[in-house]
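Undergrad: My questions all concern the structure below.
The values are calculated or read from the model by the stated rules, or taken from the named source; none is laboratory data. It should be emphasised that the depicted structure is a prediction, and the values quoted were computed from it without experimental measurement. With ideal geometry, Cβ positions are generated from the backbone for all residues, glycine too; neighbour counts draw on all protein chains shown.
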Amino acid sequence: MVRHKKDGFGPKGKKYANAPRQRGPRDDDSDAPHARPSFRAACWDLGHCDPKRCSGRKLMKQGLMRELAIGQKHSGVIITPNGKATVSPADRETMEAYGAAVVECSWARTSEVPWPRIGGKCERLLPYLVAANSVNYGKPWRLNCVEALAAAFYICGHPEWAKEVLAPFSYGSAFLQINSSILKRYAACEDEAGVKKAQEAWMERLEKEYTDSREEGAADDIWKTGNTNHRAAVSSDEDDDEDAEDDDEEGSIDRIYLGSKPPKIPSDPSLSLPQNDRDPFDISDDSDDEAEMAELRRQVLASKPFSSPASTSKPSPAHIPRPEPVAVQADSDNGSDGDDDEFDRIIDATVVTDRTGIEAKQRARREDVPLASVSYSRTVIGAPKKR
């Protein structure tokens, strides 16, 4: 198939009768670019933070801040931990002319930042402030990029810029609310010396409040009296006596009302029991208890576990004397008791040889066998002659 430019496949592309419909911006897109901000902000992004939680990348994505390359300098106010001076309202003209810049990096990896290749002439430190971001919430000095920019804008006399740059973040209003008092004090100063003086006064106030709270809480501290688990138990005899008196007076037992107490009946001496007789409903006497306990003790001791019919002591091993060495006697029994002394003397007198009777048998055998004779003969034969 050959395509021709007349079929609509020319260099200008195919022409449509109806142009495509133009679509406006989506209202529900929160990351859509906004209008140009009233401030100027920039940052050096080193890629240390999580992209989903990085405040600098979110600002750049929304068009509120531009990115600077490593090795590129900035002419505005630079918020950096390597600054020599503290930011103050005296830097307002520089910020309005060139803006502000920050370093997007992790606080745990500041040693990896190439500080000589970034920065500028107006490098500044931030005074005492408390972070409100989700990573370092409540920690002083640990501000992220957007919090550092907002603090610099506020101190230099532009609180509206601080609110604008913090608007996309959920913790923006919390940051301004936590540091509202100290930010107003910093913004009311004229130069760096005033900012440092306000910072020292604020730190002394915090230290005093902390000391006072510790002293007030020391009196009510339960652990000052020691471990409550190891305290001795308080005797409750007095409490029991008081409760018994109250029960008798009020006619109740354990807070249960039993009615009014009946009047006492006068005792009749004729109906009273003799002193020597014991009440049949009373508990047994102590003498009976002692006798019964003695009988029980005797039965327990006489039981099998407590009886010892056989001695459990082990017998000591018998002592066996060490045998004494006996002199060795040739051709005799060392263990004999003298019964075979005569036999031993006969054996000792007889010549012992290993060839007893062998030579006599060999001699008799030679006499019985006839001697063999050997004869030699010699014959000389001459060789035949050649013809």
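Undergrad: Go through the stretch 69-94 residue by residue and tally those that are in contact with an Asp or Glu (Cβ under 8 Å, 6 or more places away or on another chain) and without any contact (Cβ under 8 Å) to a residue 60 or more places away in the chain.
TA: 5
Undergrad: Give the residues of the stretch 41-59 that are over 20 Å from Val135 (Cα atoms) and free of Cβ contacts under 8 Å to residues at least 40 places away in the same chain, sorted by residue number.
TA: none
Undergrad: Something else: Check Thr80, Thr94 and return the single one that is polar (S, T, N, Q) and more than 17 Å from Leu143 (Cα to Cα).
TA: Thr94
Undergrad: Of all residues in the stretch 136-151, count the ones that are in contact with a Cys (Cβ under 9 Å, 6 or more places away or on another chain) and part of a loop (DSSP other than H, G, I, E, B).
TA: So the answer is 1.
Conditions tested, residue by residue: (1) loosely packed, with under 10 Cβ neighbours inside 10 Å; (2) modelled with pLDDT under 70; (3) farther than 30 Å from Ile347 by Cα; (4) within 60 Å of the chain's Cα centre (by Cα).
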site	(1), (2), (3), (4)
Arg297	no, no, yes, yes
Ala302	yes, no, yes, yes
Ser307	yes, yes, yes, yes
Thr312	yes, yes, yes, yes
Pro317	yes, no, yes, yes
Ile320	yes, no, yes, no
Val328	yes, yes, no, no
Asn334	yes, yes, no, no
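Undergrad: Quick one: Thr94 ticks every box in (1) in a helix (DSSP H, G or I); (2) surrounded by fewer than 16 Cβ atoms within 10 Å (Cβ to Cβ); (3) not aliphatic (A, V, I, L, M) except a single one, so which number is it?
TA: Just one mismatch for Thr94, condition (2).
Undergrad: Test Ile78 against the criterion of being over 27 Å from Met203 (Cβ atoms) and over 38 Å from the mean Cα position of the chain (by Cα), and give yes or no.
TA: It is false that Ile78 is over 27 Å from Met203 (Cβ atoms) and over 38 Å from the mean Cα position of the chain (by Cα).
Undergrad: Take the residues in the stretch 179-190 that are under 17 Å from Met203 (Cβ atoms) and in contact (Cβ under 8 Å) with a residue 24 or more places away in the chain; name whichever of them is surrounded by the most Cβ atoms within 10 Å (Cβ to Cβ).
TA: The residue in question is Tyr186.
Undergrad: Which members of the stretch 57-90 meet the condition of being over 19 Å from Val146 (Cβ atoms) and either among the charged types (D, E, K, R) or assigned to a helix (DSSP H, G or I) (or both)?
TA: Of everything in the stretch 57-90, those that are over 19 Å from Val146 (Cβ atoms) and either among the charged types (D, E, K, R) or assigned to a helix (DSSP H, G or I) (or both) turn out to be Lys73, Lys84, Pro89, Ala90.
Undergrad: Can you tell me which residues in the stretch 97-122 are in a strand (DSSP E or B) and either basic (Lys, Arg) or surrounded by fewer than 21 Cβ atoms within 10 Å (Cβ to Cβ) (or both)?
TA: Gly120, Lys121, Cys122, listed by residue number.
Undergrad: Only residues that are free of Cβ contacts under 8 Å to residues at least 40 places away in the same chain, hydrophobic (A, V, I, L, M, F, W, C) and part of a helix (DSSP H, G or I): list them for the stretch 152-178, please.
TA: Ala162, Leu166, Leu176
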